[in-house]
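Computed from the coordinates by the stated procedures, all read-outs in this text should not be read as laboratory data. All values reported here derive from a predicted model rather than from experimental measurement. Note that we place each Cβ from the backbone using ideal geometry, even for glycine, and neighbour counts take in every protein chain shown.
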Amino acid sequence: MTALDLSLIRKTASGRTSQDRPATFSLDRMTTLQLAKRTVIFNVDAASIASLVDAAREDIPGLTSNQMFQTVANHNPDTFWAIAKRDRFNIACLKGDGFLAVLPLTHEGTRRLIDGRLNTKMPELCYIARQSERPAGIYVWAIHAKGTIAAAIPLVLQKFSTPLYRGVNIYSRPVTKGGLRVLEPLGFSPGAHYDGLFAPNLQMFDRSGDVPIQPAARDPVTVEVVRSMDEMARVIAIRGAIYMAEQRCPFEEEFDGNDFSATHLICHKDGEPVGCMRIRYFAGFAKLERLAVRHEGRGGGLAGRILDAAVDLCRKKGYSVLYAHSQKRYLKVWESRGFKQMGGRELVFSDFDYVEVKLETEKHPQSITLDDDPYVLIRPEGRWDTPGILERSASRGVCNSADAR
Ligand SMILES: CC(C)(COP(=O)(O)OP(=O)(O)OC[C@H]1O[C@@H](n2cnc3c(N)ncnc32)[C@H](O)[C@@H]1OP(=O)(O)O)[C@@H](O)C(=O)NCCC(=O)NCCS
């Protein structure tokens, strides 16, 4: 059950140019930070649920009854999220412009979703988890978000990144070809699985590899490979704040089309996202770029920690040559990690002058090679020392071959 402005979502996620919509607030000119500033999400009362669902019914024929949405929201208030433009938002009179509804499903509910036995129009409450209960799967039940408020969908999904929901896969049923394209850029892919069952007609956002939130007691600083949409949103927020706001970099230069062909690192301090970096790979060398640390965290060694993690990851992948463009004023940052300025080539982009720097190092002694166990090769990026979910799945043996045909 989906009705939203597809073109806007696509442009948000891909960073593509808007050629057909030079509107003042077109999304291709807005950062996630700005989007978050322009939209709000909130729970609403029964009357508002009814009016939002009535409005959606014009676009989504066959939408389930107002009463059903209300019953599910009474059972678990985390199921219905109204979305509004911030400038129309009035705390004294909560009224949404659209909504996103989910079904947090129990183990049996998720099994039934995948094998097709769950009645998603009139779901039985026994298959829906309570508010304080960790669900086994989250089903995107209905979306009605037209125009720029469609950009708030990632904000709603981010609600499901709290410890209670972290690592729980999110499922959706694309009703139209358009619906399929909407959620894909957010991290959904065709085909869904749970507990050995597979549903080719559903989409799934696989969050099973999400790391548990680090206990702050140990090292307050962490640098991790970005593995989820939530973490990518944090990277985009940091880069929006630093490159676009501080350095006045135009959106299309900062989000240059290379973000989906890269590894991203996210640095947290005391659980707060503070820095990031992007790595792209070429034959013979890896390129480190978009190093950024939030203003208030600078001067405390965070960039050094991010660079160390990037170098370590590249060495484990088998690279010994790392290349970067250093803003001239930050050459010392790179030199602090052994990078050396190359030749005399200089370049200018996005209003700053750059020099080429290079680190010649050694591959990691346990760097990945073709001789490695194939189960090591399918482990999550950067976690090659720890058994991954796919090798655990091998214990189930081959039991789905007939279904998959
Ligand atoms: C560049 C940036 C990432 C540095 O972050 P940071 O967390 O303050 O850096 P660190 O504290 O880890 O410093 C790492 C090293 O660089 C040095 N350094 C940091 N900022 C420096 C500066 N402005 N000038 C000279 N040296 C600097 C530090 O002294 C340290 O050296 P050391 O390990 O020998 O003591 C941060 O200033 C930033 O985000 N700038 C805006 C984004 C940007 O333009 N990035 C482009 C990088 S090419």
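Centre-to-centre, using Cα atoms only, the range 191-266 and the range 284-306 are separated by 16 Å.
Across the range 56-73, coupling constants 3J(HN,Hα) worked out from phi with the 6.51/-1.76/1.60 Karplus curve, θ = phi - 60°, read 5, 4, 5, 9, 10, x, x, 4, 5, 6, 4, 4, 5, 4, 5, 4, 5, 5 Hz, and Gly and Pro carry x. Under a straight-distance cross-link criterion of Cα-Cα below 24 Å, which lysines are reachable from Lys159, leaving out those fewer than 8 residues away in the same chain? Within the straight-line cut-off, Lys159 pairs with Lys11, Lys37, Lys85, Lys95, Lys121, Lys146, Lys269.
Spacing of the modelled spin labels on Asp372 and Glu289, each 7 Å from Cα toward Cβ, amounts to 2.5 nm.
At a Förster radius of 25 Å, what calculated FRET efficiency corresponds to the Cβ-Cβ distance of Met122 and Ala46, to the nearest 0.05? Present the calculation step by step, with values, prior to reporting the outcome.
Details: r = 18 Å, r/R0 = 0.72.
It comes to 0.85.
Computed from label points 7 Å out along Cα-Cβ, the spacing between Glu360 and Arg392 is 4.4 nm. The label-point distance for Arg298 and Asp54, in a model that sets each label 7 Å from Cα toward Cβ, rounds to 5.4 nm.
Would you kindly state how much longer the chain becomes between His107 and Glu272 on full extension, computed as 0.36 nm times their sequence separation minus their alpha carbon distance, in nm to one decimal? It would help to have the intermediate numbers written out before the result.
On the way: separation 165, 0.36 × 165 = 59.40 nm, distance 3.18 nm.
My answer for the length gained is 56.2 nm.
Amide H contacts of Leu291 (H built 1.01 Å from N, in plane; Pro and chain starts excluded): Arg278 sit under 5 Å, all sequence-distant by 5 or more or on other chains.
Efficiency by 1/(1 + (r/R0)^6): what FRET value for Tyr330 and Arg86, r their Cβ-Cβ distance, R0 = 41 Å, to the nearest 0.05?
On the way: r = 35 Å, r/R0 = 0.86.
Efficiency computed from Cβ-Cβ geometry: 0.70.
Return a whole-number percent for the relative contact order of the range 184-297, with Cα pairs under 8 Å and 6 or more residues apart as the contact set.
Numbers: 153 pairs, mean separation 24.2, N = 114.
Normalised by residue count, the contact order of the range 184-297 is 21 percent.
Given 0.36 nm per residue, what is the gain on full extension from Asn74 to Lys95 after removing their alpha carbon distance, in nm?
Numbers: separation 21, 0.36 × 21 = 7.56 nm, distance 1.84 nm.
So the extension gain works out to 5.7 nm.
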